[in-house]
1. Of the numbered conditions (1) closer than 30 Å to A:THR17 by Cβ; (2) among the aromatic types (Phe, Trp, Tyr); (3) modelled with pLDDT under 95, B:TRP66 satisfies every one except a single condition; which is it?
2. Output the number of residues of region A:69-102 satisfying the condition of being assigned to a loop (DSSP other than H, G, I, E, B) and among the basic types (Lys, Arg).
3. Would you be able to say whether some residue in region A:88-98 is hydroxyl-bearing (Ser, Thr, Tyr), over 30 Å from B:GLN14 (Cβ atoms) and in contact with a Lys or Arg (Cβ under 7 Å, 6 or more places away or on another chain)?
4. Could you check region B:50-67 and list, in sequence order, the residues that are touching a helix residue (DSSP H, G or I) at 6+ places or on another chain (Cβ under 8 Å), over 19 Å from B:LEU16 (Cα atoms) and among the hydrophobic types (A, V, I, L, M, F, W, C)?
5. Among the numbered conditions (1) in contact (Cβ under 8 Å) with a residue 12 or more places away in the chain; (2) over 15 Å from A:ILE157 (Cα atoms); (3) surrounded by 14 or more Cβ atoms within 10 Å (Cβ to Cβ), tell me where A:SER99 comes up short.
6. Could you tell me whether B:VAL26 is among the β-branched types (Val, Ile, Thr), under 27 Å from A:THR29 (Cα atoms), out of contact with any Pro (no Cβ under 9 Å at 6 or more places or on another chain) and facing chain A (nearest Cβ under 9 Å)?
7. Pick from A:LEU162, A:LEU137: which is more than 24 Å from A:LEU72 (Cα to Cα) and buried (at least 16 other Cβ atoms within 10 Å of the Cβ)?
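The values are calculated or read from the model by the stated rules, or taken from the named source; none is laboratory data. Keep in mind the model is a prediction, meaning the values are calculated, not measured. Reconstructed Cβ throughout: ideal geometry from the backbone, glycine too, with neighbour counts over all protein chains shown.
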Amino acid sequence: MHSFGYRANALLTFAITILALICAIASFTDSFNHPTPLAQVKVLNINWFHKQPNGNDEVSMTLNISADLQSLFTWNTKQVFVFLAAEYETKKNALNQISLWDGIIQSKEHAKFWTHTSNKYRFIDQGSNLRGKEFNLTMHWHVMPKTGKMLADKIVIPGYRLPEEYR
Amino acid sequence: MDWQGQKLAEQLMQILLLAFAAIAFVTGYVLASFQLMVLIYAGGVVFTTLVTIPNWPFFNRHPLKWLDPIEAENHPKPEPSENVTSKKKPVKK
């Protein structure tokens, strides 16, 4: 009893229990953060818009994405994954989501950004439904904390429309 | 380590760890640095290890006082019945 090993074991057990406790409290402090993120996306140009030989519509566009996600960051945030999805409805599917662009934000300093880009991933419909289609661009993000639960939210930006004709 | 020393070591371990955890959390939260919190706490654990795990002299200030052998002869124990062996282990120093 009360040998070197006994004391080392007791200390290690107690130290790790407390570490778990302070991590839990750190995660809890995140619930006091009420973020107010901003996102704006402009479709500057439809570069081309055609029907692939297999019958699926594909469109390429130039986007201007600007966002201020700094308020998502707390002391317990490791990184934020953000992606921009085109969302629209077709007869077959109530919700089609196509990821057009994504990014990983590692720090608060990089969370306020703008970028001018053509879509990073191809915008291809399952079928030929895109002519004259109204769609939303939605900014989704996942906040990855150092400890605790991952949070996800989004900003829906409605009111975009694809041209009536292929070009 | 004597009995008082064991109690002291146990209490010191708990108090030091809790104190370092509190300091680490408050510092980390105020300075918004999770890394700093973990570093301060890790330092606290190392410090507590060094203070409470080795058998320092200050854990041995209350040694058990056994009766002198002569004293024991003056007050002899009642004759034990046969085949009874003492199960008490010697106290670790």
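1. (1)
2. Within region A:69-102, the first condition is being assigned to a loop (DSSP other than H, G, I, E, B), and the residues that meet it are A:69, A:73-76, A:89-95.
Retained after the next criterion (residues that are among the basic types (Lys, Arg)): A:91-92.
Of the residues in region A:69-102, 2 are assigned to a loop (DSSP other than H, G, I, E, B) and among the basic types (Lys, Arg).
3. Applying the first criterion (hydroxyl-bearing (Ser, Thr, Tyr)) to region A:88-98 yields A:88, A:90.
With over 30 Å from B:GLN14 (Cβ atoms) added as a condition, the list becomes A:88, A:90.
With in contact with a Lys or Arg (Cβ under 7 Å, 6 or more places away or on another chain) added as a condition, the list becomes A:88.
Scanning region A:88-98 turns up at least one residue that is hydroxyl-bearing (Ser, Thr, Tyr), over 30 Å from B:GLN14 (Cβ atoms) and in contact with a Lys or Arg (Cβ under 7 Å, 6 or more places away or on another chain).
4. B:LEU64
5. The number of the failed condition is (2).
6. Taking the combined requirement at face value, the residue does not satisfy it.
7. Values: A:LEU137 fails: more than 24 Å from A:LEU72 (Cα to Cα).
None of the other options fit; the residue is A:LEU162.
A quick yes/no check of all residues on (1) more than 9 Å from chain A (Cβ to nearest Cβ); (2) surrounded by fewer than 14 Cβ atoms within 10 Å (Cβ to Cβ); (3) at pLDDT below 95; (4) not in a helix (DSSP H, G or I):
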site: B:GLN6; (1), (2), (3), (4): no, no, yes, no
site: B:GLN11; (1), (2), (3), (4): yes, yes, yes, no
site: B:LEU39; (1), (2), (3), (4): yes, no, no, no
site: B:PRO78; (1), (2), (3), (4): yes, yes, yes, yes
site: B:VAL84; (1), (2), (3), (4): yes, yes, yes, yes
site: B:LYS87; (1), (2), (3), (4): yes, yes, yes, yes
